[in-house]
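First up is the structure itself, then whatever we jot down about it.
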Amino acid sequence: FWTPDAYYGGHGGTAVTGADRHWYFGEGSQGFFDTYVLLANATATTAQVTVTFLLDAAGAAPVEVAVPVAAHARKTLWAGDYAALVDRAFSIAVEADVPIIAERAMYFGQVPFWAGGHESAGVPALATTWFHAEGATGDFFDNYILVGNPGTVDAATRFTFLLEDGRVVVGTPRRAPGATGLGVIAARSRFTVNVEHAADALDITTGDAAWLANTTMSVTVEASAPVVSERAMYWPGTFATWTEAHNSFGVTETGVKWGLAEGRNGDPHAFETYILVANPSEAAAQVRVTFLRPDGTTTTVTETVAGNSRFTFGPDRMPTGEFGAIVESTNAVGIVVERALYWNSTDGQAWAGGTNAVATRLQ
């Protein structure tokens, strides 16, 4: 939370289970944003690290940076130190000769200092399928899906948006920078979908892009070659008025039991917690959420989440105070779960701060 008294912003992230020699990020931008790549080396030898920035621009060559990271040390890499990255958007690939940990932090705004931002640990492996449970558009939120393709071949890619009312929108890339054909994301590049204006980036093959202009949804990204996918959300309003943001990676498989460590509702900052459940299956999922209180007591709510849809458990379904949560599909239909948390600043700005995290798959 920023700062200890004002709470005018904040970010949160999910821990990783171990170090690795490879880390990937879908999101990154320098100019309006400040992007930092954070490298931690817990080994007894210096790590030789290559950080590759994959640009979201037609014909733009990736930018590679060699960074030694001393033993038992952390190194911070600021994208603004490299002229080729200024006023550019990018994905990031990190490769090291010994196992390390990599995270990425992004901030924006000067009054107050760094008015908003978000942070994520990287993922150690690419995949051909990514699920995002959270997503919202309209006058308040701007919602982006960021896909990085660090590989050497173009990736034919499909985006499937699942709305809360069961409508489905499917699209494929139409303006992928540097791509050799329609429907693909070029090798060694980044591709961006502004969901509210999806038709600017995608050829819509199912449904209507207009359905995505003011709604909540989940998103599935499927590719013919391994890629990385993140979702970023900024608010309120448009680029000129944003004061906060959050983001999360997708997950690569559904599950039937998910855990969330963080949750809080109510004072002192009017916290509001939302649990987002995506059901990309054809069958309906019977979902049970068990809230775990600090005093050891529990409460439970249930809901049927229709096939090919997304459902939101709002603060009115949850206890006040602090809690964790276990989210289960009791009829074995695979689901995906995220948590969004918002709060007001001390001076009364509504939803001045917010974070998002993907739940931990337990089963």
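The values are calculated or read from the model by the stated rules, or taken from the named source; none is laboratory data. Note that this is a predicted model, so its numbers are computed, not measured. No Cβ is skipped: glycine too gets one built from the backbone with ideal geometry, and neighbour counts run over all protein chains shown. Heavy atoms of the whole protein, side chains included, go into the accessibility calculation; ligands, DNA and RNA do not. Shrake-Rupley method; radii C 1.70, N 1.55, O 1.52, S 1.80 Å.
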For residues that are over 28 Å from I145 (Cα atoms) and open to solvent by less than 50 Å² (accessible area, probe 1.4 Å), tally how many sit in region 71-92.
2
Conditions (1) open to solvent by 60 Å² or more (accessible area, probe 1.4 Å); (2) in a strand (DSSP E or B); number of the one not met by A15
(2)
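Taking strands (runs of 3 or more DSSP E) that fall entirely within region 227-326, which contain at least 2 residues that are of a type in the set (S, T, Y) and open to solvent by 10 Å² or more (accessible area, probe 1.4 Å)? Steps first, answer last, please.
Values: elements: 244-249, 257-260, 272-279, 285-292, 298-305, 309-313.
In region 227-326, 298-305 are the strands (runs of 3 or more DSSP E) which contain 2 or more residues that are of a type in the set (S, T, Y) and open to solvent by 10 Å² or more (accessible area, probe 1.4 Å).
What number of residues within region 28-62 are touching a Ser or Thr at 6+ places or on another chain (Cβ under 7 Å) and closer than 21 Å to G151 by Cα? Give the derivation first.
Of the residues in region 28-62, the ones touching a Ser or Thr at 6+ places or on another chain (Cβ under 7 Å) are 28-29, 35-36, 38, 54-56, 62.
The next check asks that each one be closer than 21 Å to G151 by Cα; those that pass are 28-29, 54-56, 62.
Here the count works out to 6.
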Only one of A156, A125 that is closer than 16 Å to V228 by Cα, touching a strand residue (DSSP E or B) at 6+ places or on another chain (Cβ under 6 Å) and surrounded by fewer than 19 Cβ atoms within 10 Å (Cβ to Cβ)
A156
Quick one: P112 ticks every box in (1) buried (at least 16 other Cβ atoms within 10 Å of the Cβ); (2) closer than 24 Å to N356 by Cβ except a single one, so which number is it?
(1)
Name the residue that is surrounded by the fewest Cβ atoms within 10 Å (Cβ to Cβ), counting only residues in region 128-147 that are more than 23 Å from T17 (Cα to Cα) and polar (S, T, N, Q).
T137
Working only within region 18-55, note down all residues that are of a type in the set (V, I, T) and surrounded by 14 or more Cβ atoms within 10 Å (Cβ to Cβ).
T35, V37, T43, T46, V49, V51, T52
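Somewhere in region 335-344, is a residue part of a loop (DSSP other than H, G, I, E, B), out of contact with any His (no Cβ under 7 Å at 6 or more places or on another chain) and open to solvent by less than 20 Å² (accessible area, probe 1.4 Å)?
Filtering region 335-344 for residues part of a loop (DSSP other than H, G, I, E, B) gives 344.
Next, only the ones that are out of contact with any His (no Cβ under 7 Å at 6 or more places or on another chain) stay: none.
No; the residues of region 335-344 include none that is part of a loop (DSSP other than H, G, I, E, B), out of contact with any His (no Cβ under 7 Å at 6 or more places or on another chain) and open to solvent by less than 20 Å² (accessible area, probe 1.4 Å).
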What number goes with the only condition from (1) of a type outside the set (G, A, S); (2) outside any loop (DSSP other than H, G, I, E, B); (3) under 20 Å from H22 (Cβ atoms) that T157 does not pass?
(3)
Number of the exception - A58 against (1) among the hydrophobic types (A, V, I, L, M, F, W, C); (2) open to solvent by less than 60 Å² (accessible area, probe 1.4 Å); (3) in contact (Cβ under 8 Å) with a residue 24 or more places away in the chain
(2)
Show the residue pairs meeting these rules: Cβ distance below 6 Å; 6+ apart or different chains; first residue within region 73-94 and farther than 20 Å from A40 by Cα; second residue open to solvent by less than 10 Å² (accessible area, probe 1.4 Å) and assigned to a loop (DSSP other than H, G, I, E, B).
F90/G28
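Of all residues in region 182-210 being of a type in the set (D, E, K, R) and part of a loop (DSSP other than H, G, I, E, B), which is surrounded by the most Cβ atoms within 10 Å (Cβ to Cβ)? Before the answer, list the steps.
Let us first name the residues in region 182-210 that are of a type in the set (D, E, K, R), namely 188, 190, 196, 200, 203, 208.
Filter once more, so that each one left must be part of a loop (DSSP other than H, G, I, E, B): 188, 208.
Details: R188: 20, D208: 12.
Among those residues, the one meeting the criterion is R188.
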Is it the case that A213 is within 20 Å of the chain's Cα centre (by Cα), open to solvent by 10 Å² or more (accessible area, probe 1.4 Å), more than 20 Å from N279 (Cα to Cα) and among the aliphatic types (A, V, I, L, M)?
yes
List every residue pair whose Cβ atoms lie under 6 Å apart, where the two residues are 6 or more positions apart in sequence or sit on different chains, the first residue falls within region 160-189 and is without any contact (Cβ under 8 Å) to a residue 60 or more places away in the chain and on the phi > 0 side of the Ramachandran plot, and the second residue, located anywhere, is surrounded by fewer than 18 Cβ atoms within 10 Å (Cβ to Cβ) and in a strand (DSSP E or B).
G183/A156
